[in-house]
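Heads up, the thing below is written out as C-alpha cells.
Each value in this text was obtained by applying a stated rule to the coordinates, not by laboratory testing. In this text the structure is predicted, and so the values were computed from the model without any measurement. Cβ placement follows ideal geometry from the backbone for every residue including glycine, while neighbour counts extend to all protein chains displayed.
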Amino acid sequence: MSKPEEQFHFRKANSDDKEIIWKILQHAIERRKKDGSRQWQDGYPNPETVENDLKNNYGYVLTSEEQILGYAAIIFDIEPAYENIEGEWLSDGKYVVVHRVSVSNEFAGKGIATQIFKEIEKTAIANEVFSIKVDTNFDNIPMLKILEKLDYTYCGEVYFRGSARKAFEKLLNN
C-alpha cells in the first residue's frame, strides 16, 4: 500500500466493528493454515475472543477512508503467561501486550501489519508505557519478519495453551 501514513487512522474498536473483525481474523487463520503454520489452528481465536476484546477495550482497528484494514488486541495490563518466560525480558516495568494482529485478505502483504505495530508504539508512548511485549508461533514467518524489521528483541519462550511461543520485547524512546 503506497498511501502515506497520514491517511491511516488507528482507533479503539467498537461493537459495530465486531463482524468485520471476526472476518479479518478468519482470513488470518486461513493464511496461517495455508502457510503451514500451526498458529491459530485450534479454535482460537474465535467469536468469543473478539467479544471479550471489545468488552475489555482491548480491540483496535487500523482504517483508511473508514474501511477497516486490520485488527490487534492491545492490553495495558500484565499478561500472566509472560510472568514465566524461559529466557529474560529486557525490562521489568509496565508494558503493553499485543495479541491477535491480523489483516484483511484484501490488504495482506501491503505493510498493514507493520503499520499496526507502528500505531501501537505511538499508542503506548501516548499512554506513557515504553515497553511492548508480543509473542508468536515459531512457524509464523510473516510475523517473525515484521518483528525483526521493527527491531523487536527475541527474549525467550512463553507458553500459551500448552504450546511454546517465541517472546519479543521492544523498548520505546520517550
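Structure summary
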{"item": "Computed [θ] at 222 nm, helices only, for the chain once each DSSP H run of length n ≥ 4 contributes -39500 (n - 2.57)", "result": "-9000 deg cm²/dmol"}
{"item": "Label point distance in nm, N57-I141, each placed 7 Å from Cα along Cα→Cβ", "result": "4.0"}
{"item": "Option label - Rg and Dmax of the Cα atoms in Å computed here, alternatives (1) 18.3, 57; (2) 17.4, 61; (3) 15.1, 43", "result": "(3)"}
{"item": "The range 5-171: antiparallel DSSP beta bridges as a percent of all, rounded to 5", "result": "90"}
{"item": "Inter-part distance where the range 67-120 and the range 31-50 are each reduced to a Cα centre, Å", "result": "16"}
{"item": "Of E19, E121, E157, the one that fluctuates the most in a GNM where the chain has Cα springs shorter than 10 Å", "result": "E19"}
{"item": "Dipole magnitude of the chain, debye to nearest 20 (Cβ charges: Lys/Arg +1, Asp/Glu -1, about Cα centre)", "result": "440"}
{"item": "Coil-residue trypsin sites (Lys or Arg not before Pro) of the range 21-94, DSSP, other Cβ within 10 Å capped at 15", "result": "R38, K94"}
{"item": "Sorted by Cβ neighbour density within 10 Å, fewest at the top, the residues S102, S15", "result": "S15, S102"}
{"item": "Value of relative contact order over the chain, rounded to a whole percent, pairs C-alpha under 8 Å and six or more apart", "result": "23"}
{"item": "L69 long-range amide H proximity, modeled H, under 5 Å", "result": "L62, T63, S64"}
{"item": "Inter-probe distance in nm under a simple model that places probes 7 Å from Cα toward Cβ, at R161 and K122", "result": "3.2"}
